[in-house]
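Okay, so here's the structure we're looking at.
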Amino acid sequence: MAVPFFSAAAVEAAVPADVAYEAVRDGFVAYARGEWTMEPKLYVTNYPAGDFRAMPALGGGHALLKWVTSFPGNPTRGLPTVTGLVVLSDATTGIVVALLDAAAVTALRTGAAAVLAADVLGRGDAATAAVVGAGVNGRAAARTFVARGRQVALWDVDETRAAAAAAEIGAHAARSREAALAADLLVTVTPGRKILLDEGSLRPGQHVSLMGADGPGKAEIAAAELSRARVFCDDWEQASHGGELTAAVEAGLLGRDDVGLLGEVLLGAAAGRTTDDEITVFDSTGLAIQDLAIAKAALARADALELPTLDL
């Protein structure tokens with residue numbers, strides 16, 4: 001059986017940032033309606049080196065399994081931090097219909113979710129946007145902002161990398177870390193090993209999409225700062241056990257009733273921002289249904305691409 005394989009370049013060619021944005025939005029809505037289902041990601045850890053994650057989902061006539069890794073030390077070895085494979089199957093027959101590069105799928109859906117949350121939860125008159133972190137996923141977030149017609153500043157501890165990424169994307173390099181962190185719409189995509197936003201650092205009316213703390217022990221924001229904000233997440237089960245919310249939940253600062261779900265806001269079943277002065281925070285842990293949305297969008301373009309096939 002010959003199965004098409006989407007390399008990273010093929011995934012990006014099949015699913016431009018604006019298409020990824022709409023696909024992920026539709027995936028969130030389908031999940032909120034109960035039409036798509038998934039299990040929380042399963043971690044197989046080999047710390048301090050890194051971890052392996054298995055992420056299954058079902059919906060829209062397809063099933064998906066993403067086997068993906070996060071090894072933060074890899075760049076010092078000349079290797080990517082994130083690697084893996086997405087397997088997409090027909091939900092009626094169980095037959096594998098496509099294999100995709102997991103890192104490319106992850107970057108697209110991470111960028112889409114970050115900007116989607118900023119659009120939905122940010123102020124309507126938000127004037128500035130910034131992304132902190134110019135790695136693969138940070139560049140994807142900045143590229144999505146640009147695809148949505150918004151100017152965006154990019155900052156990274158490596159100023160050369162930030163400048164190169166900004167030039168590639170059509171963004172601009174932030175003049176300082178502080179200037180980036182003051183943006184009306186802020187996206188953080190760091191390794192999550194250090195607190196980026198201390199207590200009292202966010203200002204009234206600001207929104208931040210926290211994309212870096214996608215596993216146990218990671219955090220980009222102080223737990224006490226979350227208690228100052230209207231907090232939303234992609235999935236309560238994942239976020240409360242392995243996301244930004246974990247420390248705040250364990251400290252008793254936040255409970256289930258204090259946290260909204262982005263999908264329910266998109267569906268109109270829950271309120272998002274209610275005043276211009278509110279601080280809104282989105283905790284993203286990354287969902288298999290988002291990966292499913294990107295994989296299905298890529299599959300829809302398979303006939304337009306010259307894809308290699310693998311015999312299974």
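The values are calculated or read from the model by the stated rules, or taken from the named source; none is laboratory data. Owing to the predicted nature of the structure, the values given are computational and were not obtained by experimental measurement. Quick reminder, even Gly has a Cβ in these numbers, built from the backbone with ideal geometry, and neighbours come from all protein chains shown.
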Looking at the range 9-47 only, could you name the residues that are assigned to a helix (DSSP H, G or I), closer than 28 Å to PRO308 by Cβ and under 17 Å from the mean Cα position of the chain (by Cα)?
VAL11, GLU12, ALA17, ASP18, VAL19, ALA20, TYR21, GLU22, ALA23, VAL24, GLY27
Near pairs, Cβ below 6 angstrom, 6+ apart or cross-chain, from the range 45-71 (closer than 21 Å to ALA30 by Cα and crowded, with 17+ Cβ neighbours inside 10 Å) to any residue that is among the hydroxyl-bearing types (Ser, Thr, Tyr) and at pLDDT 95 or above:
LEU58/THR37; ALA63/SER89
Residue set ALA248, ALA269; condition assigned by TED's automatic domain parsing to the domain that holds VAL131, over 23 Å from GLY138 (Cβ atoms) and touching a Leu at 6+ places or on another chain (Cβ under 7 Å); output residue ALA248
Can you pull out every residue in the range 115-159 that is buried (at least 24 other Cβ atoms within 10 Å of the Cβ), acidic (Asp, Glu) and in a helix (DSSP H, G or I)?
none
Among (1) more than 27 Å from PRO16 (Cα to Cα); (2) in the same structural domain as PHE6 (by TED's automatic domain parsing), there is one condition SER240 misses while meeting the rest; what is its number?
(2)
Residues in the range 191-217 that are crowded, with 21+ Cβ neighbours inside 10 Å and in a loop (DSSP other than H, G, I, E, B): how many?
9
Under 6 Å between Cβ atoms, which residue pairs at least 6 apart in sequence (or on different chains) link something in the range 243-261 that is among the acidic types (Asp, Glu) with a partner that is assigned to a helix (DSSP H, G or I) and modelled with pLDDT of 90 or more?
none
Set ALA162, ALA173: member being among the hydrophobic types (A, V, I, L, M, F, W, C) and surrounded by 24 or more Cβ atoms within 10 Å (Cβ to Cβ):
ALA162
Do we find a residue being modelled with pLDDT under 95 and either out of contact with any strand residue (DSSP E or B) (no Cβ under 8 Å at 6 or more places or on another chain) or not acidic (Asp, Glu) (or both) anywhere in the range 22-41?
yes
Can you confirm whether ALA147 is touching a residue at least 60 places away in the same chain (Cβ under 8 Å) and over 22 Å from CYS233 (Cα atoms)?
yes
Subset tally (residues that are in a loop (DSSP other than H, G, I, E, B), under 23 Å from ASP18 (Cβ atoms) and among the polar types (S, T, N, Q)) for the range 252-307:
1
Would you be able to say whether some residue in the range 218-235 is outside the structural domain of PRO72 (by TED's automatic domain parsing), buried (at least 18 other Cβ atoms within 10 Å of the Cβ), under 14 Å from the mean Cα position of the chain (by Cα) and in a helix (DSSP H, G or I)?
no
Answer yes or no as to whether ALA91 is surrounded by fewer than 17 Cβ atoms within 10 Å (Cβ to Cβ), touching a His at 6+ places or on another chain (Cβ under 9 Å) and assigned by TED's automatic domain parsing to the domain that holds ALA293.
yes
Please indicate, with yes or no, whether at least one residue in the range 280-287 is charged (D, E, K, R) and either within 29 Å of GLY124 (Cβ to Cβ) or surrounded by 22 or more Cβ atoms within 10 Å (Cβ to Cβ) (or both).
yes
Would you mind stating whether THR106 is within 12 Å of the chain's Cα centre (by Cα), surrounded by 24 or more Cβ atoms within 10 Å (Cβ to Cβ) and over 20 Å from THR280 (Cβ atoms)?
yes
